[in-house]
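Beneath this line is the structure, given in structure tokens, with notes to follow.
The values are calculated or read from the model by the stated rules, or taken from the named source; none is laboratory data. These numbers come from a predicted model, not from an experiment. Glycine gets a Cβ as well: all are built from the backbone with ideal geometry, and neighbour counts include every protein chain shown. For accessibility, only protein heavy atoms count, side chains too; no ligands or nucleic acids. Shrake-Rupley method; radii C 1.70, N 1.55, O 1.52, S 1.80 Å.
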Amino acid sequence: MLAAILLCGTMTTVFTACGDDDDDDSPSSSSNTYEVTLSAVLPRCSAPYMQLKVDYSDADGKSETMYVKEGDQSQNISEDAMDIYKNATSAYRGKPDYVTILDNIIVRNITLRVPAGKSFSYKGTIVVRNDYATPTSDVSVVQPCVISTAKRISGNSNDRSELASNGSLSVIASFGIDAESFATIMNRWNGRDAGIGGATMK
């Protein structure tokens with residue numbers, strides 16, 4: 001009887017372990033590793049008046065902060081990130097003059113290596129400059145934003161790069177702001193979110 005009890009306990013342990021190994025949807029069962037890119041976008045029309053602050057945490061939980069500001073050298077933006085940006089600004093793209101303003105941008109990229117089962121997070125914040133010069137004529141301001149994309153760089157499990165994407169991002173633009181209203185509008189922009197996201201990759 002004792003032998004039978006021991007045998008039963010051993011078999012239960014074995015079956016439980018096998019059940020865990022077969023769970024392909026579990027992040028810990030995936031061998032994938034992803035390259036996550038946070039594209040911080042500051043439209044040049046807005047740069048004289050505001051900066052973009054990006055707080056982010058990598059797969060090891062290390063937190064960093066980056067500012068995007070006027071005078072920064074722009075980096076390349078990926079096709080996927082640009083598609084998200086164009087979709088987020090689609091409401092304003094009916095006029096060619098607006099498109100020219102929207103797509104004249106400063107881009108700074110943050111690259112994170114995120115293995116399956118690990119997470120990343122970020123938050124973009126608009127910081128209005130305290131040294132800006134009030135315009136004397138009408139100006140346009142487009143919201144800065146943070147765009148998140150990913151690509152799988154190793155592994156053979158199901159590719160879940162889309163988990164990192166913030167394709168639902170929306171961007172607000174104000175065209176033709178008059179000088180009298182400018183300070184009031186800047187106060188409304190200050191401290192506003194400019195993209196919040198993150199994911200546990202699989």
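Some values worked out for this structure:
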| read-out | value |
| --- | --- |
| Enumeration of residues in segment 110-131 that are within 22 Å of Glu79 (Cβ to Cβ), surrounded by 18 or more Cβ atoms within 10 Å (Cβ to Cβ) and not aromatic (Phe, Trp, Tyr) | Ile110, Leu112, Val114, Gly124 |
| Members of segment 70-95 that are open to solvent by 80 Å² or more (accessible area, probe 1.4 Å) and outside any loop (DSSP other than H, G, I, E, B) | Glu79, Asp80, Asp83, Lys86, Asn87, Ala91 |
| Filter result (part of a helix (DSSP H, G or I) and open to solvent by 50 Å² or more (accessible area, probe 1.4 Å)) within segment 158-178 | Glu162, Leu163 |
| Residue list for segment 59-68, filter: open to solvent by 70 Å² or more (accessible area, probe 1.4 Å) and in contact (Cβ under 8 Å) with a residue 60 or more places away in the chain | Tyr67 |
| Residue satisfying condition, being open to solvent by less than 70 Å² (accessible area, probe 1.4 Å) and in a loop (DSSP other than H, G, I, E, B), within set Gly197, Gly191 | Gly191 |
| Total residues in segment 132-157, condition under 25 Å from Ala59 (Cβ atoms), at pLDDT below 95 and open to solvent by 50 Å² or more (accessible area, probe 1.4 Å) | 1 |
| Selected residue (only one of Thr111, Thr134 is more than 24 Å from Asp83 (Cβ to Cβ) and of a type in the set (Ser, Thr, Tyr)) | Thr134 |
| Subset tally (residues that are more than 14 Å from Ser148 (Cα to Cα) and either of a type in the set (S, T, N, Q) or part of a strand (DSSP E or B) (or both)) for segment 54-69 | 6 |
| Among residues of segment 31-58, those that are surrounded by fewer than 19 Cβ atoms within 10 Å (Cβ to Cβ), modelled with pLDDT of 95 or more and of a type in the set (Gly, Ala, Ser), counted | 1 |
| Residues located in segment 96-109, provided they are among the hydroxyl-bearing types (Ser, Thr, Tyr) and either touching a Cys at 6+ places or on another chain (Cβ under 8 Å) or surrounded by fewer than 15 Cβ atoms within 10 Å (Cβ to Cβ) (or both) | Thr100 |
| Cβ-Cβ under 6 Å pairs, at least 6 apart or on other chains, segment 96-108 side of a type in the set (S, T, N, Q), far side surrounded by fewer than 17 Cβ atoms within 10 Å (Cβ to Cβ) | Asn104/Arg44 |
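Okay, residues lined up against (1) touching a Cys at 6+ places or on another chain (Cβ under 6 Å); (2) within 15 Å of Asn109 (Cβ to Cβ); (3) of a type in the set (S, T, N, Q):
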residue	(1), (2), (3)
Ser121	no, no, yes
Val127	no, no, no
Ala133	no, no, no
Val146	no, yes, no
Arg152	no, no, no
Ser157	no, no, yes
Gly167	no, no, no
